[in-house]
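The values are calculated or read from the model by the stated rules, or taken from the named source; none is laboratory data. Keep in mind that what you see is a predicted model, and the values were worked out from it rather than measured. When we count neighbours, we look across all protein chains shown, and the Cβ atoms used for this are built from the backbone with ideal geometry, even at glycine. Ligands, DNA and RNA are excluded from the accessible area calculation, which covers all protein heavy atoms including side chains. Shrake-Rupley method; radii C 1.70, N 1.55, O 1.52, S 1.80 Å.
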Amino acid sequence: MVLPERLARFNRVVTNRVTKPFADKLPGFGVVVHRGRKSGREFRTPLNIFRTDDGFVVALTYGPDADWVRNVRAAGGAEVLTRGHKYRVRDPELVHDESRRPMPPGVRQFLGLVGVTDFLVLKRE
């Protein structure tokens, strides 16, 4: 199960605008900078993002077909702004993991409640 489209629309219009000013500074948050597949426009999507040994992982709370995911996959990478740093990322990989291992323990439990089992893994360049 992924979160409903109505919630995604609300988050795009309201929540994302509120969180953008600080999303790249707080632990567990970040902004993915990507280009539209068709428009070529630059988009900045605030997300919950977590470091891994060689990159980052994002829980796909709206599923693997979210526009930002499709954009990053089509481009083969993006930029991640997090904790005051900018990283170029590559090799986006969709991972389905019902145990939610890529996530920190507290986040893992929350994602279990909403049924999120898909993740995007990004490697740092």
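The table below gives the values:
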quantity	calculated
Every pair of residues 6+ apart whose Cβ atoms lie under 7 Å, when the first sits in segment 23-50 and is farther than 11 Å from GLU79 by Cβ while the second is surrounded by fewer than 22 Cβ atoms within 10 Å (Cβ to Cβ) and of a type in the set (Lys, Arg)	LYS25/ARG83; PRO27/ARG83; ARG37/ARG70; ARG41/ARG35; PRO46/LYS20
Unique match (being open to solvent by less than 60 Å² (accessible area, probe 1.4 Å) and not in a strand (DSSP E or B)) among VAL72, VAL57, VAL33	VAL72
Number of positions in segment 40-49 that are touching a helix residue (DSSP H, G or I) at 6+ places or on another chain (Cβ under 7 Å) and either over 12 Å from LEU81 (Cα atoms) or open to solvent by less than 80 Å² (accessible area, probe 1.4 Å) (or both)	3
Subset of segment 94-125 [charged (D, E, K, R), touching a residue at least 24 places away in the same chain (Cβ under 8 Å) and exposed (fewer than 13 other Cβ atoms within 10 Å of the Cβ)]	GLU125
Evaluation of ARG70 against (1) in contact with a strand residue (DSSP E or B) (Cβ under 9 Å, 6 or more places away or on another chain); (2) at pLDDT 95 or above (one fails), failing number	(1)
